[in-house]
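Structure record follows, encoded as structure tokens.
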Amino acid sequence: MKAITKKWRKWIVLPLAVVLVLGTILVVQMNRTPSPVYASGIAATSVTLTGQNTSSHYTYVQFNIAWDYSWRDDVNWDAAWVFVKYRVKTGEATYGNWAHATLNTSGHTAPSGSTITTSADGKGVFIYRSANGTGSVSWTGVQLRWNYGTDGVADSAIVQVKVFAIEMVYIPQGAFSLNSGAKGTMYAEFTSGNTISSENAIPENTITWAVAESTWSGAGDSGGTSGYNAALGASYPKGYQAIYCMKYEISQRQYAAFLNTLTSTQASNCYPNNYGYYRHYIKLVGGVYGCDANNNGVLDESNDGGWTACNFLSWAYGLAYADWAGLRPMTELEFEKICRGPGAAGDEYAWGTTNIVQATGISNANQNNETSSNGANAVYDGHASVLGPLRCGWAAGASTTREQAGASYYGVMEMSGNLVERAVTVAKYAWNGSTWNNATNAGAFDGQHGDGNLDSDGFANVSNWPSPTATSGNTALGSSARGGDWGDYEYGLRVSDRGCAALPAAARSSRFSFRLVRTSP
């Protein structure tokens, strides 16, 4: 407990909301500068193309980027995962479909005070502080080398470009425990002695948890008579290696922007279509997706709820977003590492203690400063005055502690409550509607990242991702649900609780969202 308390930095104030920012620019004359588009705490502005090289068929995507309450210390830091989408003009007023830009693996320009780390597959970059520090960052003249020739774009093409940025948190390499160390009552929690100290393969039936295999009904940190994990190969992400994790669950304005880059068929297949239910505000107006909490037909106004965590995301929807963004789903082993770090406290929530205050009302509803009206640190148990998720990062403030902010050991928000975290299970069997005997095949997951492109129906098409087209019933084999949500009992929010760790729920739910990760380069 001492290590956890020491690690938490009271000075970290997480931004008011997530995630996604974009700028659009017509390429050729390069004489049009778009208005900045903000996403509460992070913004990409002044997007242009510059320095075209027609011999080697590349150009630079240039922009400014800024966000508030950034940090870096000797252990971890926050970052922006930045990627680029483009489309080519095909007629007087028509464009082709949006596609993912291939970035070079080197040759980018990082402004003073920043570092750019490029992914090996060229799907995006991480931008973060180059030295320890805290506070706002604002970097001008970021340049990313886009190898447009690799993407089949002609030197003379007219294109539109969008720059997307998602706030992430670096989770360092290291060993961790799969149990809080308490004689608790959490359903199916991993038993004492389960630790992860490498990415080596884990044989079948090695990891144990308190459960009767036929009923999934055991509780406490002992009681499992044998292990029930699938065989986890060396490539299955176990949480030991370093990763980047989204600070927040996907927000509603972030998900709407994703839909707006898809074909009509893809978008229709990924559209939650639950406007007005349980604080879900995404709707389709005039062929454009956006948020409209006040229901006046004008999308994405300041009180339209775009900062609210996005519910009604099915397993397939979340995987589609992951593939599109060049990310991947986390595993439930990574979930536990992200929450508790290298230490543990008995039956803790993600913020490292057993103290919890339920949100019983909403202040500044649907705005970028939405928060609870009673100084809470968690959304759970379906309070009548809330009945849905709150804004991403809603509990954090200038003087909040880790517990008050509801933040994980590494500074990741809302890992307990608000909306469920979907993850790849370790369980060998899943619920089939009557018994727990459906093989999950979860061990086949090998941590591949999305390539930015979906299939024609809008589904993820990454090899070895579990059940990417599952949309109904208990067909999302290999999936799990962790961390609890706005309608869950408080015990479901505890890090160790695994009552739904082998529940292959595929359908949309008012209680389901997604948070994604990427293995550190």
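Got a number for residues in region 253-267 being in contact (Cβ under 8 Å) with a residue 40 or more places away in the chain and part of a helix (DSSP H, G or I)? Selection size over region 253-267: 9. A search for C-beta distances below 7 Å between a residue of region 479-495 that is within 22 Å of TRP315 (Cβ to Cβ) and surrounded by 24 or more Cβ atoms within 10 Å (Cβ to Cβ) and any residue that is of a type in the set (Asp, Glu) and modelled with pLDDT under 95, counting only pairs 6+ apart in sequence or on different chains, returns VAL495/GLU348. Among the residues of region 269-294 satisfying the criterion of being over 21 Å from ASN368 (Cα atoms) and over 22 Å from the mean Cα position of the chain (by Cα), which is surrounded by the most Cβ atoms within 10 Å (Cβ to Cβ)? Among those that are over 21 Å from ASN368 (Cα atoms) and over 22 Å from the mean Cα position of the chain (by Cα), it is LEU284. The set of residues from region 78-112 being of a type in the set (S, T, N, Q) and either within 28 Å of VAL412 (Cβ to Cβ) or not in a strand (DSSP E or B) (or both) comprises THR90, THR94, ASN97, THR102, ASN104, THR105, SER106, SER112.
The single condition among (1) surrounded by 24 or more Cβ atoms within 10 Å (Cβ to Cβ); (2) within 18 Å of ALA344 (Cβ to Cβ) that SER177 does not meet is (1). Scanning region 220-252 for residues that are of a type in the set (A, V, I, L, M), in contact with an Asp or Glu (Cβ under 8 Å, 6 or more places away or on another chain) and either part of a loop (DSSP other than H, G, I, E, B) or at pLDDT below 60 (or both) yields ALA230, ALA231, ALA234.
Looking at region 352-364, can you tell me whether even one residue there is among the hydroxyl-bearing types (Ser, Thr, Tyr), over 14 Å from the mean Cα position of the chain (by Cα) and not in a loop (DSSP other than H, G, I, E, B)? Yes, because at least one residue in region 352-364 is among the hydroxyl-bearing types (Ser, Thr, Tyr), over 14 Å from the mean Cα position of the chain (by Cα) and not in a loop (DSSP other than H, G, I, E, B).
Within region 339-351, residues that are surrounded by 24 or more Cβ atoms within 10 Å (Cβ to Cβ) sit with their Cβ atoms under 7 Å from residues that are of a type outside the set (S, T, N, Q) and part of a helix (DSSP H, G or I), at 6+ positions apart or across chains, in these pairs: GLU348/ARG340; TYR349/LEU493; ALA350/CYS339; TRP351/ARG402; TRP351/GLU403.
Pairing each residue of region 147-159 that is within 22 Å of ALA120 (Cβ to Cβ) with any residue that is outside any loop (DSSP other than H, G, I, E, B) and aromatic (Phe, Trp, Tyr), provided the two are 6+ apart or on different chains, yields C-beta distances under 7 Å for ASN147/TYR58; TYR148/TYR58; GLY149/TYR58. The residue of region 393-432 that is farthest from the chain's Cα centre (by Cα), among those that are part of a loop (DSSP other than H, G, I, E, B), closer than 25 Å to ALA320 by Cβ and modelled with pLDDT under 95, is ASN432. Every test in (1) in a loop (DSSP other than H, G, I, E, B); (2) of a type in the set (Ser, Thr, Tyr); (3) within 17 Å of the chain's Cα centre (by Cα) is passed by SER480 save one, and that test is (1). When GLY443 is tested against (1) assigned to a loop (DSSP other than H, G, I, E, B); (2) buried (at least 22 other Cβ atoms within 10 Å of the Cβ), just one condition goes unmet, and that condition is (1).
Being modelled with pLDDT under 95 and under 25 Å from SER70 (Cβ atoms) holds for only one residue in SER136, SER114, SER130, and it is SER136.
For region 365-392, the candidate set comprises residues that are of a type in the set (Val, Ile, Thr) and under 21 Å from the mean Cα position of the chain (by Cα); within that set, the residue that is surrounded by the most Cβ atoms within 10 Å (Cβ to Cβ) is VAL379. Tally time: how many residues in region 46-77 are surrounded by fewer than 17 Cβ atoms within 10 Å (Cβ to Cβ), under 26 Å from the mean Cα position of the chain (by Cα) and either modelled with pLDDT of 95 or more or assigned to a strand (DSSP E or B) (or both)? Total meeting the criteria: 1. Being farther than 27 Å from ASN76 by Cα and either acidic (Asp, Glu) or in contact with a helix residue (DSSP H, G or I) (Cβ under 7 Å, 6 or more places away or on another chain) (or both) holds for only one residue in ALA427, ALA396, ALA423, ALA384, and it is ALA427. Answer with yes or no whether SER456 is in a loop (DSSP other than H, G, I, E, B) and modelled with pLDDT under 95. In short, no.
Number of residues in region 78-128 that are among the hydrophobic types (A, V, I, L, M, F, W, C), crowded, with 22+ Cβ neighbours inside 10 Å and under 19 Å from the mean Cα position of the chain (by Cα): the value is 8. Applying the criterion of at least 3 residues that are in contact with a His (Cβ under 7 Å, 6 or more places away or on another chain) to the strands (runs of 3 or more DSSP E) found wholly in region 123-181 leaves 133-146.
Each residue in region 342-358 was checked for being among the aliphatic types (A, V, I, L, M) and within 22 Å of GLY382 (Cα to Cα), and 3 of them qualify.
Find all pairs meeting these conditions: Cβ atoms under 6 angstrom apart; at least six residues apart or on different chains; first residue within region 188-208 and assigned to a loop (DSSP other than H, G, I, E, B) and surrounded by 17 or more Cβ atoms within 10 Å (Cβ to Cβ); second residue at pLDDT 90 or above and among the hydroxyl-bearing types (Ser, Thr, Tyr). That search, which allows pairs on different chains as well, returns GLU189/SER496; GLU199/TYR240.
Residue-by-condition table, conditions (1) closer than 28 Å to ALA376 by Cβ; (2) of a type in the set (Gly, Ala, Ser):
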{"position": "LEU313", "(1), (2)": "yes, no"}
{"position": "ALA316", "(1), (2)": "no, yes"}
{"position": "ALA325", "(1), (2)": "no, yes"}
{"position": "ARG328", "(1), (2)": "no, no"}
{"position": "GLU334", "(1), (2)": "yes, no"}
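The set of residues from region 314-338 being acidic (Asp, Glu) and either surrounded by fewer than 24 Cβ atoms within 10 Å (Cβ to Cβ) or more than 13 Å from the chain's Cα centre (by Cα) (or both) comprises GLU332, GLU336. State yes or no: is ALA350 modelled with pLDDT under 95 and within 19 Å of GLY239 (Cα to Cα)? No, not satisfied. Scan (1) touching a Pro at 6+ places or on another chain (Cβ under 8 Å); (2) within 23 Å of ALA407 (Cα to Cα); (3) not charged (D, E, K, R) for the single condition TRP139 breaks and write down its number. Against the list (1) touching a Pro at 6+ places or on another chain (Cβ under 8 Å); (2) within 23 Å of ALA407 (Cα to Cα); (3) not charged (D, E, K, R), TRP139 comes up short only on (2).
The values are calculated or read from the model by the stated rules, or taken from the named source; none is laboratory data. Quick caveat: nothing in here was measured; it's all calculated off a predicted structure. Quick reminder, even Gly has a Cβ in these numbers, built from the backbone with ideal geometry, and neighbours come from all protein chains shown.
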